[in-house]
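Novice: To start, I am sharing the structure in question, which I have written as structure tokens.
The values are calculated or read from the model by the stated rules, or taken from the named source; none is laboratory data. None of these values were measured; they are calculated from a predicted model. Neighbour counts are summed over all protein chains in view; Cβ atoms, including those assigned to glycine, are modelled from backbone coordinates with ideal geometry. Quick note on the areas: whole protein, heavy atoms, side chains included, nothing else; ligands and nucleic acids left out. Shrake-Rupley method; radii C 1.70, N 1.55, O 1.52, S 1.80 Å.
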Amino acid sequence: DAARRVGGYSMGMRQRLALATALLGDPAVLILDEPSNGLDPPGITWLRDRMRQGAGEGRTVLVSSHVLAEVAQVVDRVVIIDRCKVVREGPLEAIGPITSTVRARTPQTDELDEAARAAGWDVTPLDADTVEITGASLADVGRVAAAHGVELHGLSTITDSERLEAAFLELTEHRIEATP
């Protein structure tokens, strides 16, 4: 009868119940596979808190997930595995680019490119009005743009989740190919 009641729970509630059951034994190592699957935003927050709490108590919490944005918010170390081989392992900040990267939107990409390169930064055009500037902080790019009269429509930093995703795709050589 209890199994039938649990079977009627939502996927998110079953996820919470499974984690709670795993924690009952006070394990030193907790292994979670796609733990946020099916959880609503409060459930995801609850899960993050439980994972951080376990790690803070000295437990090892291993998380396997394809949701890299979620992983980047809670992990200290990352292991990227491709075709059964470890291709990168280390602290999150060492997985992606170590230098900071700023994404800038401007109708004056050529002028910003020239000013950024003069400041010693690498520039990568993304599209007609967006460039990525590597090796500079958000404030530095804003100051250089202002000093050169470059109109900015937006500045943002590349997040850990974007760096992790880019590193994963590069390291595993995944390419999106159109299917016929």
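Novice: Give just the number: which of (1) within 30 Å of ARG143 (Cβ to Cβ); (2) free of Cβ contacts under 8 Å to residues at least 24 places away in the same chain; (3) surrounded by 16 or more Cβ atoms within 10 Å (Cβ to Cβ) does PRO125 not satisfy?
Specialist: Checking PRO125 against (1) within 30 Å of ARG143 (Cβ to Cβ); (2) free of Cβ contacts under 8 Å to residues at least 24 places away in the same chain; (3) surrounded by 16 or more Cβ atoms within 10 Å (Cβ to Cβ), the one that fails is (3).
Novice: A further question on this structure: Which one of these is farther than 26 Å from ILE44 by Cα and touching a strand residue (DSSP E or B) at 6+ places or on another chain (Cβ under 8 Å): ARG103, ARG83?
Specialist: ARG103
Novice: Which of (1) open to solvent by 70 Å² or more (accessible area, probe 1.4 Å); (2) outside any strand (DSSP E or B); (3) closer than 15 Å to LEU92 by Cβ; (4) modelled with pLDDT of 85 or more does VAL79 not meet, given it meets every other one?
Specialist: (2)
Novice: With THR130, THR101, THR134, THR109 as the choices, which residue is among the hydroxyl-bearing types (Ser, Thr, Tyr), free of Cβ contacts under 8 Å to residues at least 24 places away in the same chain and either open to solvent by less than 50 Å² (accessible area, probe 1.4 Å) or within 22 Å of ARG163 (Cβ to Cβ) (or both)?
Specialist: Criteria check complete, one pass: THR109.
Novice: Go through segment 41-68 and report how many residues are under 22 Å from LEU164 (Cα atoms) and not aliphatic (A, V, I, L, M).
Specialist: 9
Novice: Those residues that are at pLDDT below 85 and crowded, with 18+ Cβ neighbours inside 10 Å, I need them from segment 56-69; list them, please.
Specialist: Passing the criteria: only LEU68.
Novice: Quick one: GLN53 ticks every box in (1) open to solvent by 60 Å² or more (accessible area, probe 1.4 Å); (2) assigned to a loop (DSSP other than H, G, I, E, B); (3) at negative phi except a single one, so which number is it?
Specialist: Result: GLN53 passes all but (2).
Novice: Going by the conditions given, is GLU34 open to solvent by less than 80 Å² (accessible area, probe 1.4 Å) and within 19 Å of ARG163 (Cβ to Cβ)?
Specialist: No: the conditions fail for GLU34.
Novice: In segment 137-151, which residue that is open to solvent by 60 Å² or more (accessible area, probe 1.4 Å) and out of contact with any strand residue (DSSP E or B) (no Cβ under 6 Å at 6 or more places or on another chain) is nearest to THR101 (Cα to Cα)?
Specialist: ARG143
Novice: Pick from segment 152-173 the residues that are open to solvent by less than 40 Å² (accessible area, probe 1.4 Å) and small (Gly, Ala, Ser): which of them is farthest from the chain's Cα centre (by Cα)?
Specialist: Among them, the one singled out is GLY154.
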